[in-house]
Amino acid sequence: MRKTMAVLAALALTTTACSQRAPEASGGRKEVVVACGAAEDWCQKMTAGFTAKTGIPADYVRLSSGEAVARFGASKDNPEFDVWHGGPADGYEAAKDQGLLQPYTSSATGKIPAGYRDPSGYWTGVYIGALGFCSNRDVLAKAGLEAPTSWNDLLAPGFAKQVAIAHPATSGTAYTALYTVVGIKGGEAAGLAYFQELGKSVLQYSKSGSAPGQMAGRGEVATGVVFSHDCVKYQEEGSTSLVVTYPKEGTGYEVGAVGILAHARNLDAAKAYVDYAASAAAQEIGPTVKSYQRPTSPDATPAPQAFDPIAVRLVEYDVAAAGKAKKGLIEKFEAGVATAPAN
């Protein structure tokens with residue numbers, strides 16, 4: 001716990017020191033500043049699309065979920081950001097509980113199905129992604145392994161130091177995996193026991209949730225635990241040895257969200273950004289940069305590369321409960337499984 005808090009505090013202090021937000025110019029239009037949890041190219045295209053549609057300048061900083069919440073807390077009295085966009089909604093639940101977000105609802109957010117948004121309006125779901133195993137066929141073949149189809153497959157001796165996964169203190173992806181396995185195993189004790197055993201297979205706990213897929217693509221490990229759309233993206237970007245499989249017991253999923261910071265400086269622009277992110281047009285931007293999450297807007301068309309919710313067995317994932325459990329569960333992970341990666 002002390003190590004996790006120290007790492008997150010250092011991240012927050014370092015990043016805050018590097019990019020104090022400039023004072024707003026008097027008069028003219030104000031920019032909206034987005035803490036963006038998606039892929040870099042997706043963040044670029046989303047903010048550019050928002051500016052093209054509204055005329056409001058937009059900037060962003062790419063942050064993992066853990067980094068984002070730490071940074072929001074550190075800059076609470078001098079906010080750097082107006083909007084948080086991307087990353088699993090359980091992180092937004094945790095931020096809501098810390099007073100870091102404010103509610104916002106509109107006719108645009110109301111079009112999103114109720115199961116994909118906070119009833120009080122603190123976050124709105126704008127995409128869905130499923131966890132999967134992202135494996136390198138060449139590495140698997142060399143080690144005499146098959147692509148995993150069960151969480152327990154990762155515990156086999158052949159997978160020793162052949163698995164990469166992010167740390168749940170810094171990564172929303174990894175926390176989704178942790179909470180998913182806790183549910184599948186029947187409770188925190190059994191879930192944490194699984195991750196203690198999995199430690200023998202893990203070569204590295206990364207800071208970023210998508211990094212394990214890149215490690216598998218480079219052949220550094222056989223399998224990375226990532227959201228499956230990240231693996232498909234790496235396949236299409238040239239890592240052609242990658243293959244996606246899903247655990248037969250069921251897999252967790254994220255409701256990727258957007259929300260407004262509690263002390264947003266440019267509230268009107270932040271509201272306009274949320275409305276934009278909820279629109280079908282904005283949610284169809286992802287596939288243009290090989291980001292194949294499923295949209296939440298009923299008017300948006302999923303890309304054929306997106307995971308098939310009929311074919312993939314999804315667990316029941318209670319976003320609100322996951323958010324409330326996050327702090328305590330990460331503390332136990334830190335104490336009993338692994339410390340957070342250094343910055």
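The values are calculated or read from the model by the stated rules, or taken from the named source; none is laboratory data. Source: prediction; values computed, not measured. Cβ atoms come from the backbone with ideal geometry, glycine included; neighbour counts cover every protein chain shown. Note: areas computed on protein heavy atoms with side chains; ligands, DNA, RNA excluded. Shrake-Rupley method; radii C 1.70, N 1.55, O 1.52, S 1.80 Å.
If you average the C-alpha positions of the stretch 293-341 and of the stretch 56-75 separately, how far apart do those two centres end up, in angstrom?
20 Å
Which whole number in µm²/s is D for the chain by Stokes-Einstein, with the Kirkwood Rh taken over Cα pairs at 10 °C and 1.306 mPa s? Write out the running numbers ahead of the final one.
Numbers: Rh = 20.1 Å.
Answer from the Stokes-Einstein relation: 79 µm²/s.
Charges on Cβ only, +1 for Lys and Arg, -1 for Asp and Glu, centred on the Cα centroid of the stretch 80-187; of Val163, Gly125, Thr109, which one is farthest towards the dipole's positive end?
The residue sitting most towards the positive pole is Val163.
If you put +1 on each Lys and Arg Cβ and -1 on each Asp and Glu Cβ, how big is the dipole of the chain around its Cα centre, in Debye rounded to 20? Spell out each step's value before the answer.
On the way: 31 positive and 33 negative charges, 75 e Å.
Charge dipole of the chain: 360 debye, to the nearest 20.
Provide the descending list of Cα extents for the stretch 110-202 along its principal axes, expressed in whole angstroms.
Its Cα atoms span 51, 31, 22 Å along the three principal axes.
Which of Ala95, Ala156, Ala257 moves the most in a Gaussian network model of the chain with Cα springs under 10 Å?
Evaluated over the chain, the most mobile residue of the options is Ala156.
So between Leu155 and Gln44, what do we pick up on full extension, going 0.36 nm a residue minus the alpha carbon distance? All intermediate terms of the calculation are to be shown ahead of the outcome.
On the way: separation 111, 0.36 × 111 = 39.96 nm, distance 3.83 nm.
Using 0.36 nm per residue and subtracting the Cα-Cα distance, I get 36.1 nm.
Bin all alpha-carbon pair distances of the stretch 186-343 at 10 Å intervals from 0 and give each bin's fraction as a whole percent.
The percentages, shortest bin first, are 9, 28, 36, 23, 4.
With the other protein chains left in place, how much accessible area per residue, in square angstrom, belongs to the chain at a 1.4 angstrom probe?
On the way: 13740 Å² over 343 residues.
Result: 40 Å² of accessible area for each residue.
Using a Förster distance of 35 Å, how high is the FRET efficiency between Thr288 and Ala190, based on the Cβ-Cβ distance and rounded to 0.05? Intermediate values should be presented prior to the final figure.
On the way: r = 42 Å, r/R0 = 1.20.
It comes out at approximately 0.25.
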